[in-house]
1. Show me the ranking of peptides 66-74, 292-300 by mean Cβ neighbours inside 10 Å, starting with the highest.
2. Highest first, please rank the peptides 207-219, 128-140 by the mean number of other Cβ atoms sitting within 10 Å of their residues.
3. With a length cut of 30 Å (Cα positions projected on each helix's long axis) and a Kyte-Doolittle mean of at least -0.5, go through the chain and give me the DSSP H helices that pass.
4. With unit charges on the beta carbons (Lys and Arg positive, Asp and Glu negative) and the dipole taken about the Cα centre of the chain, which residue among Ala234, Ala212, Val291 sits farthest to the positive side?
5. At a 1.4 Å probe, what is the % contribution of carbon and sulfur to the accessible area of the chain?
6. Please list, in chain and number order, the residues 5+ apart from Glu130 or on another chain whose amide H is under 5 Å from its amide H, with Hs placed from the backbone.
7. Can you work out the accessible area per residue across the chain, with the rest of the protein chains kept in place, probe 1.4 Å, in square angstrom?
8. Which of Val28, Val192, Val282 ends up with the largest GNM mean-square fluctuation for the chain, with Cα atoms connected below 10 Å?
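The values are calculated or read from the model by the stated rules, or taken from the named source; none is laboratory data. Since we're looking at a predicted model, the values are computed, not measured. Methodologically, a virtual Cβ is constructed for each residue, glycine included, from the backbone with ideal geometry; neighbour enumeration extends over all protein chains shown. For the accessible areas, the whole protein counts, side chains as well, though only heavy atoms, and no ligand, DNA or RNA atoms are used. Shrake-Rupley method; radii C 1.70, N 1.55, O 1.52, S 1.80 Å.
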Amino acid sequence: MADTPAAAGENGSETRPLLGIACKVTSVFVFVLMSTLLKSAEGIPAGELVFFRSFFAIFPVVIYLAYTHQLQGVMVTSDIFGHVWRGLVGVMSMLSGFYALTLLPLPESIAINYASPLMIVVLSAIFLKEQVRIYRWSAVLVGFAGVLIIVWPRLSMFSSGNMSQAEGIGAIFALIGALSSAVAMMLVRKLVKHERTATIVIYFSLTSTVIALFTWPFGWVVPQWWQLALLVGAGFAGGIAQIFLTECYRHAEMSTIAPFEYTSMLLGLGIGYVVFGDVPTVQMLIGSSIVIGAGIFIIFREHKLSGRKFRRS
């Protein structure tokens, strides 16, 4: 749901790892808060959730860009179709993820989304022709095994005729959301080669808002006042989280702060239990631990390889 931010040290920023980590953890917390608000707004269709999350995220993002003097020329782009495609895939990711969120416990939805970085490695090798060595392929396979451990009890409900087939559907849509998110990040990788980060962020908010409007004929509802408050709050939370995510990469290297993405699991477990009464299953805890371990291995492997390339250049 978040765009790839600027690299650390960009625009002459001073490297301050602790500040970068603090911003990253804050962004993770606010993103989990956003998911909590969306899940709490029961009865709202996924397309309507996407609209509110996208539209009201624009306001804090525009204020931030104005404050940091990045607003001038933010709409200037040489690749409007690239932004539209990124918006379409991003909306698909949010639609699938938000729909899964309405059917699954919060921590489980978060855990399945951890498959996205693993899918990025596979897609990078296939479509970007990036070299992926045996160590990362091994980590990807182990990570996917962890994802299978998480989703298998849900998928097996289809054959067993168990009560909650909706959770099986939720697991499938969570996987679709993770795959769509990986594709979206691939598109962002192409955009950052010739587009400003601010331009990518603002175009994504605008295009996803417009695209989400096309889901209106499929059953939008008029929110009650408490649902409206939750939806607006979720939109602002999404925008604020995006700001902290952008800022964290200004103060620390990606390899330093990327592992802190997994603090969302701890937050999801706590909030899921306190707010929704979700008790994590043993399979979910084991599977998510495997996926997190594989993800962290890939992160440090990427950092080690990039260090070698830098020394050779």
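1. Numbers: 66-74: 12.8, 292-300: 19.1.
Packing order, densest peptide first, comes out as 292-300, 66-74.
2. Values: 207-219: 16.4, 128-140: 13.7.
Output ranking for 207-219, 128-140: 207-219, 128-140.
3. Details: long enough: 17-40 (34 Å, 1.60); 80-103 (35 Å, 1.24); 134-155 (31 Å, 1.49); 165-191 (39 Å, 1.34); 225-251 (39 Å, 0.74); 282-312 (45 Å, 0.49).
Taking the DSSP H segments of the chain (at least 30 Å long, mean hydropathy at least -0.5), we get 17-40, 80-103, 134-155, 165-191, 225-251, 282-312.
4. Farthest towards the positive pole: Val291.
5. Values: 10620 of 15170 Å².
So the carbon and sulfur contribution to the accessible surface is 70 percent.
6. Hits under the 5 Å cutoff: Ala125.
7. Numbers: 15170 Å² over 313 residues.
So the chain comes to 48 Å² accessible per residue, rounded to a whole number.
8. Val282
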